[in-house]
Amino acid sequence: MTTSLFDKFDTILNNFSQLPEGDGNPFTVSMEKVISQTEAVINGRHTVLAGTNNYMGMTFNQDCISAAHAALDEQGTGTTGSRVLNGTYSSHNALEETLKEFYGTEHAMVFSTGYQANLGVIATLAGPKDYILIDADSHASIYDGCAMGNATVIRFRHNDAADLDKKLKRLDPDAGKLVVVEGIYSMLGDQAPLAELAAISKKHSAAILVDEAHSIGVFGATGRGVAQEQGVEDQIDFIVGTFSKSVGTIGGYCVSNHPKFEVLRLVCRPYMFTASLPPSVVASAQTALKIIVENNQLREQIITNSIQLNKGLDQVGFDMGTTGKSPIAAIKIESKETAIAFWGEMLKEGVYVNLALPPATPQNLNLLRCSLSAAHTSAQIDFMLQKFKLVGERLGVLPAADASGMPLSCEAEETNQSQQVSDVSAATG
Ligand code: PMP
């Protein structure tokens, strides 16, 4: 080899080689057979899926599947072209109409992924003389959108409206400014204080974009996300989202009421220079959006499920990063090695969770992250709880249990709780 192009990856390769081989490696997991929204066969084992972002359980919704089948039969497997050439079918336009109805906005643009929606909107809107102000805990697609554009990028402290105010104050009042935040942050499941952030943005004549990737479907009276939940939709200039979580398929979008929004179709490279979504995906996304609007029961269920898991983990003594009022549950683990081992043991016990490590996490936390689904049963969540407790004790993350299975240091109330957990999960196991 004559080139040193790959030398810069040596540290990463070295770190990777230290991970356990085979089943214990979190980066090589494959679902050998998908059984349902909440179960799969992994490493030959029947496994409960506790980290899929399949919040509404739409991947196996029969109406979505039927719509996708019909579109596949009628329109074929793919569009083989970009939205601006041969890749706009009437179904893409219809999906954009559905998004406009869903959000009550004048404009909607569909991208091939949520990642591309962020890349495209952020990099295109903010040009060379403009400023982008992003929350420090922003998703990679937001950082990459900033890197792709030519604007000056400024980070403000996570969910800190006062810090945003301070940073906006320093800028030329006439410069173009775009503030980018997320409705729900994916690692710790916390909500952005959108009213404050929007008010500060308006005070400094900055536009505000909210990425609702983890909140569409779950929050707001009709599932429009955190802006709807907090009653501030009229203060938000752009909402970006994805079809890859609650909507149960793939794709991204941006909605807005800005009168010049449609020009993006002519200047936004991640929209123009990639193939459009296949018709089957368009059909299932459109069907899922219609189901999500109407289905409050799914919204209630996902929050009920999340509270059950977060509360249960908290009660057995884990150091929680999440509170339960979001579809995410995350346990903080002190050392990276323990987090990796914990993840592997959970998989062996039949529960798949996400392992999230720095630099992908806020505050350099090592996290075992779960994302709940409305499709999870209470018994499945009890099963997760039982396994978390078992592995937590085995690895010394929780106090060890005595021979009766009771934690040695627990008070009576906690003892009752752990008893309940093992009783219910015994029925599932
Ligand atoms: N934004 C956020 C906050 C996300 O978490 C993700 C995906 N994890 C995306 C955007 C990208 O979405 P997609 O999967 O549609 O590319």
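Taking the criterion of being touching a residue at least 24 places away in the same chain (Cβ under 8 Å) and assigned to a helix (DSSP H, G or I), the residues of the range 97-116 that qualify are THR98, LEU99, LYS100, PHE102, TYR103, GLY114, TYR115, GLN116.
Of the residues VAL282, VAL226, VAL240, VAL218, which is within 15 Å of the ligand (Cβ to nearest atom), more than 30 Å from ILE200 (Cα to Cα) and buried (at least 24 other Cβ atoms within 10 Å of the Cβ)? Don't jump to the end; show me each part of the working.
On the way: VAL226 fails: more than 30 Å from ILE200 (Cα to Cα); VAL240 fails: more than 30 Å from ILE200 (Cα to Cα); VAL218 fails: more than 30 Å from ILE200 (Cα to Cα).
Just a single option satisfies the conditions, and that option is VAL282.
Within the group LEU171, LEU178, LEU194, which residue is at pLDDT 95 or above, in contact with a Gly (Cβ under 8 Å, 6 or more places away or on another chain) and either farther than 28 Å from PRO359 by Cα or not assigned by TED's automatic domain parsing to the domain that holds LEU355 (or both)?
So the residue among LEU171, LEU178, LEU194 that is at pLDDT 95 or above, in contact with a Gly (Cβ under 8 Å, 6 or more places away or on another chain) and either farther than 28 Å from PRO359 by Cα or not assigned by TED's automatic domain parsing to the domain that holds LEU355 (or both) is LEU194.
Selection of the range 116-161 for residues being farther than 18 Å from LEU197 by Cβ and away from the ligand (no atom under 12 Å from the Cβ) yields ALA123, THR124, GLY127, PRO128, LYS129, ASP130, ALA147, MET148, GLY149, ASN150, ALA151, THR152. Pairs are defined by a Cβ separation below 7 Å, a sequence spacing of at least 6 or placement on different chains, a first member in the range 140-155 that is free of Cβ contacts under 8 Å to residues at least 40 places away in the same chain and closer than 11 Å to VAL179 by Cα, and a second member that is among the β-branched types (Val, Ile, Thr) and within 16 Å of the ligand (Cβ to nearest atom); the pairs so defined are VAL153/ILE132; VAL153/ILE134; ARG155/ILE134. Taking (1) under 18 Å from ILE134 (Cα atoms); (2) surrounded by fewer than 18 Cβ atoms within 10 Å (Cβ to Cβ); (3) among the β-branched types (Val, Ile, Thr) in turn, VAL181 satisfies each apart from (2). For the range 171-204, a residue qualifies if it is under 18 Å from GLN228 (Cβ atoms) and within 12 Å of the ligand (Cβ to nearest atom), and the qualifying residues are VAL181, GLU182, GLY183, ILE184, TYR185, GLY189, ALA192. ASP23 falls short on exactly one of the conditions (1) outside the structural domain of GLY350 (by TED's automatic domain parsing); (2) in contact with a helix residue (DSSP H, G or I) (Cβ under 7 Å, 6 or more places away or on another chain), and that condition is (1).
The values are calculated or read from the model by the stated rules, or taken from the named source; none is laboratory data. Being a predicted model, the structure only gives us computed values, none of them experimental. Methodologically, a virtual Cβ is constructed for each residue, glycine included, from the backbone with ideal geometry; neighbour enumeration extends over all protein chains shown.
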